[in-house]
2 protein chains.
Amino acid sequence: MSRNPFQADPQVPARLACHDAEAVRDAAAPLIEAGVLPRADALDLVDRFGLGGVSDLMCHLLETAKGLSRPPISGFVVGAVGLGAATGDLILGGNMEFPGTSLHHTLHGEGFVAIRAFQRGEGLAELAIGEAHPCAHCRQVLTEFAGADDLILIDPLGHRLSLAELYPWPFDPGYLDQPGAVAGVGHGLQVAGEVPDTVARLLSRTPIHAPYSGVPAALVLEAGGRMVAGGSIESVAFNPTLAPVQTALVALVAEGGAPSDISAAWLAQPEGGAVDHGPPTKSLLAAIAPGAPLTEVRWR
Amino acid sequence: MSRNPFQADPQVPARLACHDAEAVRDAAAPLIEAGVLPRADALDLVDRFGLGGVSDLMCHLLETAKGLSRPPISGFVVGAVGLGAATGDLILGGNMEFPGTSLHHTLHGEGFVAIRAFQRGEGLAELAIGEAHPCAHCRQVLTEFAGADDLILIDPLGHRLSLAELYPWPFDPGYLDQPGAVAGVGHGLQVAGEVPDTVARLLSRTPIHAPYSGVPAALVLEAGGRMVAGGSIESVAFNPTLAPVQTALVALVAEGGAPSDISAAWLAQPEGGAVDHGPPTKSLLAAIAPGAPLTEVRWR
């Protein structure tokens with residue numbers, strides 16, 4: 001077991017234990033939509049239950065966030081709750097694993113929340129996880145995609161750690177004179193009439209960050225009448241890149257859909273670029289939704 | 001640009017500048033075989049050129065290691081030189097990128113050296129890179145696959161940092177009560193007579209670490225008359241996992257082969273497991289060696 005050089009504040013678990021966490025979660029459940037608890041409702045819950053603050057509410061909601069977790073390979077259930085830096089909304093997420101394909105498609109709870117925040121056009125001010133002890137892969141994702149210079153990680157054990165403490169001297173986009181991912185910036189791309197209007201609209205609106213490959217890609221998934229989209233979000237460290245099929249799956253699960261209900265998918269990307277999202281998208285879809293047709297289109 | 005909280009010793013660059021680095025590299029070149037400079041030769045070079053020690057030699061050889069780098073997407077050339085913990089040999093590596101497939105296949109210089117050490121049955125005592133500032137993805141790989149409790153990262157700027165300083169409170173296999181990757185342990189698997197004898201022998205001998213998926217996989221590549229093998233090396237954090245096609249490519253390039261010369265490949269894995277290395281292997285091979293047939297076989 002790795003050595004923990006950080007101190008936890010014992011007052012946090014003591015304070016959390018004073019409240020009926022289950023009652024808090026029951027009261028929060030009907031207020032959560034698409035994995036998000038609006039700021040006003042969060043403040044109201046803090047007030048109503050006399051909680052120590054929004055950070056304590058985030059810790060109480062970790063169990064709720066676990067409902068978004070789907071880890072059939074590891075059985076290691078992770079819930080994560082982020083505090084949107086711009087809105088103050090609480091953003092819930094869980095980890096996802098996909099049997100029958102590569103482990104490279106795995107989504108971590110921390111990544112799920114970072115993607116959701118990015119899809120909403122904001123970063124994270126705070127992130128609660130079961131233990132403020134993310135893997136290094138997540139430390140890279142949070143550094144790049146969570147608007148994270150000031151991100152604080154908290155947990156019910158009483159840790160309150162800056163990302164800088166957990167990942168000193170980060171290898172970040174600035175090192176290559178890149179500005180990094182900025183939430184809320186549109187990509188301005190459109191696909192032509194080869195796809196249904198709803199699909200075209202979703203493809204053009206989903207956030208994309210692809211400065212390293214120069215291949216902006218987006219995927220729309222149809223599942224149980226629902227339509228969701230996700231774009232590629234590239235890491236300066238390359239491997240922690242989130243593929244459009246991963247970010248679209250995050251949107252699908254956050255919005256209450258099931259990957260196994262996927263009935264169709266549309267992928268938009270340029271032709272002949274430095275990366276090709278076709279094969280990994282097909283591979284992951286074949287594993288989770290065999291038979292769902294994938295239509296590949298190009299940006300106009 | 002990220003803040004560097006660490007100090008560098010200015011005596012290191014001053015000392016390195018006192019020697020004719022090019023003469024050192026020219027003398028080392030003919031002694032390097034399959035990306036490895038044997039310990040005796042390294043000590044001899046230190047002596048012959050009056051270097052400050054093996055660490056200084058490692059810094060001088062970073063330029064040589066860049067010869068193993070193939071970064072057609074980023075153009076970001078990285079060389080890395082490891083000190084084998086068991087042998088004292090110097091192990092060279094570079095980063096590799098593969099256009100036309102997913103960025104998830106990217107190999108970092110640090111990972112290249114860690115894989116080579118693992119393939120040789122040893123960990124790393126020291127790792128020299130251009131700046132002791134690996135991305136977080138690499139910090140995870142080094143923590144798990146380089147036998148790395150005591151790993152020291154050095155650079156020509158004079159940094160000398162423990163991995164624990166760069167990645168405090170690591171999420172490691174011990175956290176899940178797993179022993180982690182141990183170099184030099186055989187997998188004991190054999191494939192039946194469906195493949196040439198050389199291929200069967202290489203598949204059975206290549207190191208594998210697959211405790212999380214339970215899917216031990218190995219790949220043999222034939223390229224320009226050369227045959228090399230690589231096994232899957234799984235990370236407890238899942239995504240930093242090294243697929244057999246990645247580790248086999250490391251072996252190929254280290255031994256002087258070219259990915260574009262690949263003429264055939266054989267993949268061994270169990271049937272119906274939690275992961276399937278078939279599609280990502282095909283995808284990467286299609287991008288770098290279109291036309292090379294992939295034969296999939298099962299362990300006996």
Residue in region B:211-218 that is touching a Leu at 6+ places or on another chain (Cβ under 7 Å), surrounded by fewer than 23 Cβ atoms within 10 Å (Cβ to Cβ) and under 22 Å from B:SER102 (Cβ atoms) present
no
Residue check, A:TYR167 among the aromatic types (Phe, Trp, Tyr) and touching a residue at least 40 places away in the same chain (Cβ under 8 Å):
no
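Out of all the residues in region B:161-216, which are among the small types (Gly, Ala, Ser) and within 14 Å of chain A (Cβ to nearest Cβ)?
Listed by number, the residues that qualify are B:SER162, B:ALA164, B:GLY174, B:GLY180, B:ALA210, B:SER213, B:GLY214.
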B:SER69 fails exactly one of the following numbered conditions: (1) at pLDDT 95 or above; (2) within 14 Å of another protein chain (Cβ to nearest Cβ); (3) over 11 Å from the mean Cα position of the chain (by Cα); (4) buried (at least 24 other Cβ atoms within 10 Å of the Cβ). What is the number of that condition?
(4)
Over region B:192-210, the set of residues more than 21 Å from the chain's Cα centre (by Cα) and either buried (at least 20 other Cβ atoms within 10 Å of the Cβ) or part of a loop (DSSP other than H, G, I, E, B) (or both) is B:ALA192, B:GLY193, B:GLU194, B:VAL195, B:PRO196, B:VAL199, B:ALA200
Among the residues of region A:250-283, write down those that are closer than 27 Å to A:PHE171 by Cβ and either buried (at least 18 other Cβ atoms within 10 Å of the Cβ) or in the same structural domain as A:LEU107 (by TED's automatic domain parsing) (or both).
A:VAL250, A:GLN269, A:ALA274, A:VAL275, A:ASP276, A:HIS277, A:PRO280
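Test A:PRO280 against the criterion of being closer than 25 Å to B:ILE288 by Cα, without any contact (Cβ under 8 Å) to a residue 40 or more places away in the chain, in contact with a helix residue (DSSP H, G or I) (Cβ under 9 Å, 6 or more places away or on another chain) and not small (Gly, Ala, Ser), and give yes or no.
Considered against the rule, which asks whether it is closer than 25 Å to B:ILE288 by Cα, without any contact (Cβ under 8 Å) to a residue 40 or more places away in the chain, in contact with a helix residue (DSSP H, G or I) (Cβ under 9 Å, 6 or more places away or on another chain) and not small (Gly, Ala, Ser), A:PRO280 comes out as no.
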Can you find, within region A:26-48, the residue that is nearest to the chain's Cα centre (by Cα) among those that are crowded, with 18+ Cβ neighbours inside 10 Å and not aliphatic (A, V, I, L, M)?
A:GLY35
Residue list for region A:200-213, restricted to those being of a type outside the set (Lys, Arg) and either over 27 Å from A:GLY84 (Cβ atoms) or without any contact (Cβ under 8 Å) to a residue 12 or more places away in the chain (or both)
A:ALA200, A:SER213
Within region B:220-246, residues more than 14 Å from chain A (Cβ to nearest Cβ) and over 18 Å from B:LEU189 (Cα atoms) come out as B:LEU221, B:GLU222, B:ALA223, B:GLY224, B:GLY225, B:ARG226, B:MET227
Could you list, in sequence order, all residues of region B:270-300 that are more than 12 Å from chain A (Cβ to nearest Cβ), over 26 Å from A:ALA274 (Cα atoms) and not β-branched (Val, Ile, Thr)?
B:PRO270, B:GLU296, B:ARG298, B:TRP299, B:ARG300
Do the conditions hold for A:LEU153, that is, is it touching a Leu at 6+ places or on another chain (Cβ under 9 Å), surrounded by fewer than 24 Cβ atoms within 10 Å (Cβ to Cβ), in a strand (DSSP E or B) and within 14 Å of chain B (Cβ to nearest Cβ)?
no
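For (1) out of contact with any strand residue (DSSP E or B) (no Cβ under 8 Å at 6 or more places or on another chain); (2) among the aliphatic types (A, V, I, L, M); (3) touching a residue at least 12 places away in the same chain (Cβ under 8 Å), each residue gets a yes or a no:
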site	(1), (2), (3)
A:ALA17	yes, yes, no
A:ALA27	yes, yes, yes
A:ILE32	no, yes, yes
A:ASP47	yes, no, no
Go through region B:72-88 and count every residue that is within 18 Å of B:ASP44 (Cα to Cα) and surrounded by fewer than 19 Cβ atoms within 10 Å (Cβ to Cβ).
2
Filter result for the condition that a residue is within 14 Å of chain B (Cβ to nearest Cβ) and over 19 Å from A:GLY257 (Cα atoms), over A:GLY100, A:GLY111, A:GLY52, A:GLY82
A:GLY100
Just to verify a result, which residue in region A:121-141, among those that are farther than 18 Å from A:ALA65 by Cα, among the hydrophobic types (A, V, I, L, M, F, W, C) and free of Cβ contacts under 8 Å to residues at least 60 places away in the same chain, is surrounded by the fewest Cβ atoms within 10 Å (Cβ to Cβ)?
A:CYS135
Odd one out for B:PRO216, checked against (1) touching a residue at least 60 places away in the same chain (Cβ under 8 Å); (2) under 30 Å from B:ARG15 (Cα atoms)
(2)
Which of the residues spanning region A:77-129 are outside any helix (DSSP H, G or I), closer than 28 Å to B:GLN246 by Cβ and of a type in the set (A, V, I, L, M, F, W, C)?
A:VAL78, A:MET96, A:PHE98, A:LEU107
Which strands (runs of 3 or more DSSP E) does region B:214-300 wholly contain that include 3 or more residues that are within 24 Å of B:ALA117 (Cα to Cα)?
B:218-223, B:226-231, B:262-268
Can you find, within region B:114-147, the residue that is nearest to the other protein chains (Cβ to nearest Cβ) among those that are among the basic types (Lys, Arg) and in contact with a strand residue (DSSP E or B) (Cβ under 9 Å, 6 or more places away or on another chain)?
B:ARG116
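Looking at A:GLU222, A:GLU194, which one is of a type in the set (Asp, Glu), in contact with a strand residue (DSSP E or B) (Cβ under 7 Å, 6 or more places away or on another chain) and modelled with pLDDT under 95?
A:GLU194
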Hits in region B:49-77 (condition: within 20 Å of B:VAL12 (Cβ to Cβ) and free of Cβ contacts under 8 Å to residues at least 24 places away in the same chain):
B:GLY53
Name every residue in region B:189-206 that is under 23 Å from B:ALA114 (Cβ atoms) and of a type outside the set (Lys, Arg), in order of residue number.
B:LEU189, B:LEU202, B:LEU203, B:SER204, B:THR206
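The values are calculated or read from the model by the stated rules, or taken from the named source; none is laboratory data. Since the model is a prediction, treat every value here as computed from it, not as a measurement. Glycine gets a Cβ as well: all are built from the backbone with ideal geometry, and neighbour counts include every protein chain shown.
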